[in-house]
Amino acid sequence: MKADIKSLYEEELKAWISDLGEKPYRASQLFAWLHGKKAVSFDEMSNLSKELRGKLKEEAFLTGFTIRRMQESKEDGTRKYLFELADGNLIESVFMRYHHGISVCISSQAGCRMGCRFCASTLNGLSRNLTASEMLEQIYAIERDTKERVSHVVVMGSGEPFDNYENVIRFLKLISDEKGANLSIRNITVSTCGIVEKIDAFADEDIKVTLALSLHAPEQALRESLMPIARRYQLPDVIAACDRYFDRTHRRMTYEYALMNGINDSEEMAEKLSALLKGKNAHVNLIPVNPVEERDFLTPDKGRIARFCKILEKNGINATMRRTAGKDIDGACGQLRSRILRET
């Protein structure tokens, strides 16, 4: 079986290339081609001998995939990419342009098994986990297509990152390697629906990215009705794990809160959310839910959103409204993938 060398750390690459009978310094050259120059073929690697390039073709492969579809918003320039993997699986990535730079939202799994009721990613279940190289390649492919440098990454697309823990950790270390893509770890956000033991393990990794909890409800019963995973992890335990993450990393927690009309957007819910997060070094990211055809959740009107946000501010909770992007291009997580799977 050929080696997935784009998923290897430089030290692992040195051991692997030594087994091919090559000098260890060749691994550093290869690593730079893979992650610095983001080569798509071994033939590009001009400082490697023809003989070595031949060996690499025989013993390894370069993770790559095709753009099955790209939709660009006429409203804000956001791009939604549907990539087809080597085995035919489909995944989504989103390119967003902000004043602070280019942000890309990547998937960590093909599909998702968490079952959140408002999310399109779960409609077809989980196909499989993505490798570290497949997560990297989403960024690399978008940079090649747009000719723009990605400065921020959010692991918040299809999939639950902590359900693919080892590959996500490997991805984070590779994307931030100073000899590779060298993306600042402070510009990376990882989102989780609240797997307590993995939050604690992640804190111990000492990677110090921004951790975002998909909260979406300030009380246990409502959260359970929206997110099946909440039946396993009680809200007080999840919040306590987030507090431990902050204590160990000193990175401010982000709490994602998708506002759904008539479900979790009342003034009462705003007060309960304020009480839940009072006194914490935290930031609430309010997200007007993006309607999905197969779901019946609707976006609240601007007045309800404004009242909700005002209550949080009155209670001293740091909150911002996420800019809605890509409404005209199947912007919700998993929405484009689900539609194409349904059509085909």
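Computed from Cα positions, the angle between helix 165-175 and the longest principal axis of the chain comes to roughly 70 degrees.
Of all DSSP bridge pairs formed entirely within the chain, close to 45 percent run antiparallel.
Once the Cα atoms are used to define both axes, helix 132-146 deviates from the longest principal axis of the chain by about 90 degrees.
Maximal additional length on extending the residue 266-residue 84 stretch stands at 61.5 nm, based on 0.36 nm per residue less the C-alpha distance. Note on residue 11 and residue 97: with the Förster distance fixed at 22 Å, the Cβ-Cβ geometry gives a FRET efficiency of about 0.05. For residue 123, no residue 5 or more places off, or on another chain, has a built amide H under 5 Å of its own.
A Cβ-based charge dipole, computed about the Cα centre of the range 3-61 with Lys and Arg at +1 and Asp and Glu at -1, lands at about 240 debye. 3J(HN,Hα) couplings calculated from phi for the range 254-269 with the Karplus curve 6.51 cos²θ - 1.76 cosθ + 1.60 (θ = phi - 60°) are, in sequence order, 10, 10, 7, 9, 7, 7, 10, 4, x, 10, 9, 10, 7, 5, 4, 5 Hz; Gly and Pro show x. Helix 302-314 and the longest principal axis of the Cα set of the chain meet at an angle near 90°.
Bear in mind that the values in this text are calculations on the coordinates, not laboratory data. Bear in mind the structure is a predicted one, so any value in this text is a computation, not a measurement. Neighbour counts run over all protein chains shown; Cβ positions are idealised from the backbone, glycine included.
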